[in-house]
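Encoded as structure tokens, the structure appears first; notes follow it.
The values are calculated or read from the model by the stated rules, or taken from the named source; none is laboratory data. Since the model is a prediction, treat every value here as computed from it, not as a measurement. Backbone-built Cβ (ideal geometry, glycine too); neighbour counts: all protein chains shown. The area values use the complete protein model at the heavy-atom level, side chains included, leaving out ligands, DNA and RNA. Shrake-Rupley method; radii C 1.70, N 1.55, O 1.52, S 1.80 Å.
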2 protein chains.
Amino acid sequence: MSGELEATLRQPIGAWQRADARAADVAVSSRLRLARNVAGLPFPPRLQPADTAALLQRVEDAVAAIPAALGHFTFTRLAPLAPLDRQVLVEKHLISPQHAQQARGGLLLRPDEQLSAMVLEEDHLRLQALFPGLQLPAAWELASQLDDALEASFDWAFSDALGYLSTCPTNLGTAMRASVMLHLPALCWSGRIGGLLGELGKVGVVARGLYGEGSAASGNLFQISNQTSLGQSEADLAAHLQAVAREIVVRERSARELLVAEQRPVVEDRVWRAYGLLGSARLLSSSEALTLLSDLRLGSDLHLLPPIRPDRWAELLVLTRSGFLQRQDGEAPPAQRDERRASMVRERLREALTPPAEGAGSPPGEQGSAAGG
Amino acid sequence: MSGELEATLRQPIGAWQRADARAADVAVSSRLRLARNVAGLPFPPRLQPADTAALLQRVEDAVAAIPAALGHFTFTRLAPLAPLDRQVLVEKHLISPQHAQQARGGLLLRPDEQLSAMVLEEDHLRLQALFPGLQLPAAWELASQLDDALEASFDWAFSDALGYLSTCPTNLGTAMRASVMLHLPALCWSGRIGGLLGELGKVGVVARGLYGEGSAASGNLFQISNQTSLGQSEADLAAHLQAVAREIVVRERSARELLVAEQRPVVEDRVWRAYGLLGSARLLSSSEALTLLSDLRLGSDLHLLPPIRPDRWAELLVLTRSGFLQRQDGEAPPAQRDERRASMVRERLREALTPPAEGAGSPPGEQGSAAGG
């Protein structure tokens, strides 16, 4: 395993996620994916083993052709990776669950994890650019640069009538999928999320949970994406989703203001309880961790709790995932995972949170403890 | 209102409760009550207003006749007290809920609150001695001294055949009621409390909740008392209940050991969550406070949490009661009571859980449990 990949598997978030971002109080991250298929080759579902091996080799060779200005990329084949390593890549949103399970393709990755490509997932390549906060136009620009760079090595399947050709017809046209991960605790709390999700369909936008299609919206996290990729330019599609996301950001902010205005003690109680539990619990399931981290973040964003940096929070989202936790722990039995998760959260929170000033609650964790754990 | 009573109403616990005690890890307090009626006067239910006034005056006059060696007592009539003041006296276990509601009688009280007498509750006088931990023989000794002292002023209704005469026939004989308040979280947790309570009846012992007859066992607190007061001497009755209580203490300790041996992570999680919530919540109902304080105390007694002194804990039990809280707050609207309770608990816990200064000796909780076996 390359040193770069080992670093990726060890770090909960990529370097890109440490940058400052716009609307980061609601928009966690922006992602842009471009589906690209190599002309003259069958789509992945019908690709023969010999062609598969050849394509993987071609991508590996293409790494050297990427201009240095775009960064130094590495290429990793998924098959030799341990299932747990592949799961960590899923938890970091670098590959899809399907890609991890098939383990047939590979991952092209820049060490800051901002630019990557799944190789032989549903399409020959799926390029991906990630930005913190709400930055779809920038993500389009960057993904497009990687696309240009790879065109030196590949001839993409393209039709004047249909645009980029891809395995699934819903990706025809630009073959672009723009997504924004949104943290919507107040819209969920007030029950207005249902109506909002209903409206999205009318503007060509679809909402999913934290891990894409079919996953539940745990932690009040929703990923919105464009439903079709046809009939508009990439820049227009990105700008449209950016505008929809911005509208949701505005609504979430109003919902937060209203919540505090109308139910301040209840909101304070909820976020402080999350703070207390995250800092004290000795057993924490991944689902409870996600719920409490959502409340913690809301409290921080509303200035009701000590501030937590968005990147520290994003780290905790990944650190509490089962795969990531298990990989750090080596061979720890699953029964101890909830213990380990709780202890890791306490440790990280102590670092991430500035202790509250006098008059606020007691700090989480073992402060003042004489007891052994 | 006398300065002494004002102090009683302001302090959550009496001075007696600050002393070190045996078996304090399970036995919160011991109480001994003696029912006494004045010869020649009808029992309270049939006492006429003129006689009522005369009796109250006689008790007030009797205060001066109590030997100085037994302490300086004050006498307070309940009628002029605000309902909230009477409720605080109930929450401190100095008068019964019925006595507070009737507000017809009075309270004879030593400033340390260890010795007292309800005047014109169900009987003309009900003398009460309180001790921390498991100390019924000592409580009998002390109550008996007050009884002797009052005999200088009163001639008790007594029959050679029936013993002390009292309004309710179940108090005939010694007219003595010995009680121990027990904290039984592990027996409750393991579900063995049901069987235990069933056994108690066979040895003439009855169990009630925190505030006596008809009250639920909130906070895993149970008050056990002798069912009858007939056929044995006071000393024997006290010794019998003391032995029963000691047996329950032993069983609770085994249950705690077993709990930790078999489910340590679960126990740690539960007590640390209570610690975190008490230190963080912004809204706390009296019932949740009691539940969390029970878990906190268990964690402290098991050395899983920072130690909390038994008297500090006993203070919190009273401080979180609605009446006590409301009285401290003056005219705060009830809606703010849960907020006020939460903030008071956070404040007190920060003080209570601070380890004692160097040279201050080991925490009393540890002494209690080490001396108890």
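Sorted from shortest to longest, the distances between the B:Arg10 label points of this copy and the other copies are 6.1 nm, with each point 7 Å from Cα along the line through the beta carbon. Comparing mean-square fluctuations of B:Trp189, B:Trp140, B:Trp16 from a GNM of chain B with C-alpha springs under 10 Å, the top value falls on B:Trp189.
Scaled to the compact-protein estimate 2.2 N^0.38 Å, what is the alpha-carbon radius of gyration of the protein assembly as shown, rounded to two decimal places?
On the way: Rg = 35.3 Å, N = 746, 2.2 N^0.38 = 27.2 Å.
Against the compact-globule rule of thumb, the ratio is 1.30.
Let me know the shape class of the stretch B:43-189, please: from the alpha-carbon gyration tensor, a ≥ b ≥ c as square roots of the eigenvalues, rounded when a/c is under 1.5, otherwise prolate if a/b is greater than b/c, or oblate. Verdict is rounded for the stretch B:43-189.
Rounded to the nearest whole Hz, the Karplus-based 3J(HN,Hα) values (6.51 cos²θ - 1.76 cosθ + 1.60, θ = phi - 60°) of the stretch A:15-27 follow the sequence 4, 4, 7, 8, 6, 5, 8, 7, 6, 5, 5, 10, 8, with x at glycine and proline. Starting from the label point of A:Gly201 at 7 Å along Cα→Cβ, the same points in the other copies fall at 6.1 nm, in ascending order. Compared with the dominant principal axis of the Cα atoms in chain B, helix B:337-352 is inclined by about 70°. Would you mind checking the tilt of helix B:136-151 against the longest principal axis of the Cα atoms of chain B, expressed as 0 to 90 degrees and rounded to 10? Computed tilt is about 30 degrees.
Work out the length of the dipole vector of the stretch B:262-354 about its Cα centre, built from +1 on the beta-carbon of each Lys and Arg and -1 on the beta-carbon of each Asp and Glu, and round it to the nearest 20 debye. Value, rounded to 20: 120 debye.
Axis angle, to the nearest 10 degrees, between helix A:310-319 and the longest C-alpha principal axis of chain A: 80 degrees.
At 20 °C and 1.002 mPa s, grab the translational diffusion coefficient of the stretch B:176-271 from Stokes-Einstein with a Kirkwood Rh over Cα pairs, rounded to a whole number in µm² per second. D = 151 µm²/s.
Taking only the alpha-carbon atoms of the stretch A:262-354, what semi-axes of the equivalent ellipsoid follow from 5 times the gyration tensor eigenvalues under a square root, in whole Å, largest first? If you can, show how the numbers build up before the last one.
On the way: eigenvalues 124, 33, 20 Å².
Here the semi-axes work out to 25, 13, 10 Å.
Report D for chain A in µm² per second (integer): Stokes-Einstein, Kirkwood Rh on Cα pairs, 20 °C, 1.002 mPa s. Let's see the in-between values first.
Working: Rh = 21.7 Å.
It comes out at roughly 99 µm²/s.
With charges set only on the Cβ (+1 for Lys and Arg, -1 for Asp and Glu), what does the dipole of chain B come to about its Cα centre, in debye to the nearest 20? Write out the running numbers ahead of the final one.
Numbers: 37 positive and 43 negative charges, 170 e Å.
For chain B, the charge dipole is close to 820 debye.
Summed over both chains, the accessible area lost when B and A associate is about 2200 Å², using a 1.4 Å probe.
Distant-in-sequence amide contacts of B:Arg22, defined by a placed amide H-H separation under 5 Å and a gap of 5 or more residues or a different chain, comprise B:Leu134. The charge dipole of the stretch A:13-77, taken about its Cα centre with unit charges on the Cβ atoms of Lys, Arg (+1), Asp and Glu (-1) only, comes to about 160 debye. Toward the positive end of the charge dipole of the stretch A:3-251, with +1 on the Cβ of Lys and Arg and -1 on the Cβ of Asp and Glu, the farthest Cα among A:His72, A:His99, A:Val180 is that of A:Val180. Can you send over the carbon and sulfur percentage of the accessible area for the protein assembly as shown, probe radius 1.4 Å, protein chains only? Ligands and nucleic acids excluded, carbon and sulfur reach 52 percent. As a rough guide to protection, the peptides A:121-133, B:226-238, B:36-48 ranked by mean Cβ packing within 10 Å, highest first, stand as A:121-133, B:226-238, B:36-48.
Inter-copy label distances for B:Ser159: 11.0 nm (label point placed 7 Å from Cα along Cα→Cβ; shortest first).
Measuring nothing but alpha carbons in the stretch B:236-297 and taking Rh as the Kirkwood radius, the Rg to Rh ratio lands at 1.15.
Working note: Cα gyration tensor of the stretch B:1-63, eigenvalues times five, square-rooted, sorted largest first, giving semi-axes of 33, 18, 10 Å.
If r is the Cβ-Cβ distance from A:Glu151 to A:Glu6 and R0 is 30 Å, what FRET efficiency results, to the nearest 0.05? Display every interim value, and only then the final one.
On the way: r = 30 Å, r/R0 = 1.01.
Efficiency for this residue pair is about 0.50.
Note on B:Gln328 and B:Ala161: with the Förster distance fixed at 41 Å, the Cβ-Cβ geometry gives a FRET efficiency of about 0.25.
At a Förster distance of 56 Å, what's the computed FRET efficiency of B:Glu247 paired with A:Val63, Cβ-Cβ distance as r, to 0.05? Display every interim value, and only then the final one.
On the way: r = 77 Å, r/R0 = 1.37.
FRET efficiency, B:Glu247 to A:Val63: 0.15.
Once backbone amide H atoms are built at 1.01 Å from N, B:Ser29 has B:Gly133, B:Met181 as its partners under 5 Å, excluding neighbours fewer than 5 places away on the same chain. Per residue of chain B, the DSSP helices (runs of n ≥ 4 H) give a summed -39500 (n - 2.57) that works out to -14500 deg cm²/dmol at 222 nm.
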